[in-house]
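What follows is a short report on a single structure.
Read-outs: derived from the displayed coordinates by stated rules, not from any lab. Computed from a prediction, not measured in an experiment: that's the story for all the values here. Quick reminder, even Gly has a Cβ in these numbers, built from the backbone with ideal geometry, and neighbours come from all protein chains shown.
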Amino acid sequence: MKTDILGVGIDNLTLSESVDAGAALMDGEGFHYVVTPNPEFILAAKKNEEFRTVLNNADLALADGIGVVYAARILGRPLKGKVPGIDFAQGLLARMAQSGKSLFLLGAKPGVAELAAENLRRRYPGLQICGTHDGYFQEDAPVAEAVRASGADVLFVCLGAPKQELWMSRNGPSSGVKLAVGLGGSLDVFAGTVERAPESWQKAGMEWLYRLIREPSRFGRMARLPLILTDALAARLGGK
Ligand code: UDP
């Protein structure tokens, strides 16, 4: 049962429980997808019904960010903790390297997915990356067909939200993969073109601040994020 955070269902799992659940989906039959909602997703889903439905139909929805955890606490429905999408991806990569599952990387600017693939192959010996594609394409069908032709078991979709979630829901089944995961800017981090916050900042729940300092142009986007907390407070006081 998912925990309702302002209209978006979130799975109340630790990181290692999430990786176990993801691994079970990739070993199963049929198509499944994972979403990683952060406060921006939840605010956007309030106004975008299709996005909200796609998030709520996901097989796994992970609390990507401390803001979601705080909102859950304010709502009186605490979660076990945050599960950053990129940490989930790393757990899954280790499992894929062990089990011989193959991976396709979709998204980011031209050249980034290839660089990410090179780095990941070095970091996870045995990992099979069977294809890459940049995230700036016009038509979905040829991309889904490229994924199918690669024979990938797992697909990382890194197009930013809500594009990546809508893409997974519309094209995932025809791509032939068992599991698709929406992972935002993770390919930039794997490629080394964007640096992640140091671990001490991550542990302190300050990854967002580090990112803001490194990329001040995100200020406009981020300034709205405390709204999730006031929304949660209003919902709690309103008895929802
Ligand atoms: N992106 C893409 N296609 C698009 C728009 C964005 O591939 O049409 C990529 C972009 O290059 C970046 C990622 O999607 O690698 C989104 O990054 P962002 O930092 O916005 O995502 P977040 O990590 O905040 O979810």
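Annotations
- Total charge dipole magnitude, the chain, about the Cα centre, Cβ charges on Lys, Arg, Asp, Glu only, Debye to nearest 20: 700 debye
- The modelled label-to-label distance for the pair ALA141/GLU215, using points 7 Å beyond Cα in the direction of Cβ, is 3.3 nm.
- Low-density loop positions, chymotrypsin sites (Phe, Trp or Tyr not before Pro), the range 50-147 - DSSP coil, at most 16 other Cβ in 10 Å: TYR136, PHE137
- Coarse-grained scattering of the range 1-140 at q = 0.09, 0.15, 0.16 Å⁻¹, given as base-10 log I(q)/I(0) from a Debye sum over alpha-carbon atoms: -0.31, -0.84, -0.94
- 0 to 90° range, to nearest 10: angle between helix 112-123 axis and the chain longest Cα axis: 80 degrees
- Set of lysines near LYS109 by C-alpha distance (under 30 Å), chain-local residues within fewer than 8 positions excluded: LYS46, LYS47, LYS82, LYS101, LYS163, LYS178, LYS203
- Mean Cβ count within 10 Å, highest first, over the residues of peptides 206-216, 1-11: 1-11, 206-216
- Taking the DSSP bridge list for the chain and keeping only pairs wholly inside it, about 15 percent are antiparallel.
- When only Cα pairs below 8 angstrom with a gap of at least 6 residues are kept, the chain shows a relative contact order of 23 percent.
- When the charge dipole of the range 1-116 is built from unit charges on Cβ atoms (+1 for Lys and Arg, -1 for Asp and Glu) and taken about the Cα centre, the candidate among VAL69, LEU92, LEU103 whose Cα reaches farthest toward its positive end is VAL69.
- Debye intensity ratio in log₁₀ form over the Cα atoms of the chain, taken at each q of 0.11, 0.18 Å⁻¹: -0.54, -1.48
- C-alpha long axis of helix 15-27 to longest principal axis of the chain, angle in °: 40 degrees
- On Cα atoms only, tilt of 227-237 relative to the major axis of the chain in degrees: 50 degrees
- Distance from the C-alpha centroid of the range 40-71 to that of the range 120-191: 20 Å, rounded to the whole angstrom.
- Total charge dipole magnitude, the range 96-235, about the Cα centre, Cβ charges on Lys, Arg, Asp, Glu only, Debye to nearest 20: 260 debye
- Distance (nanometres) between label positions extended 7 Å along Cα→Cβ at ARG123 and ARG236: 3.5 nm
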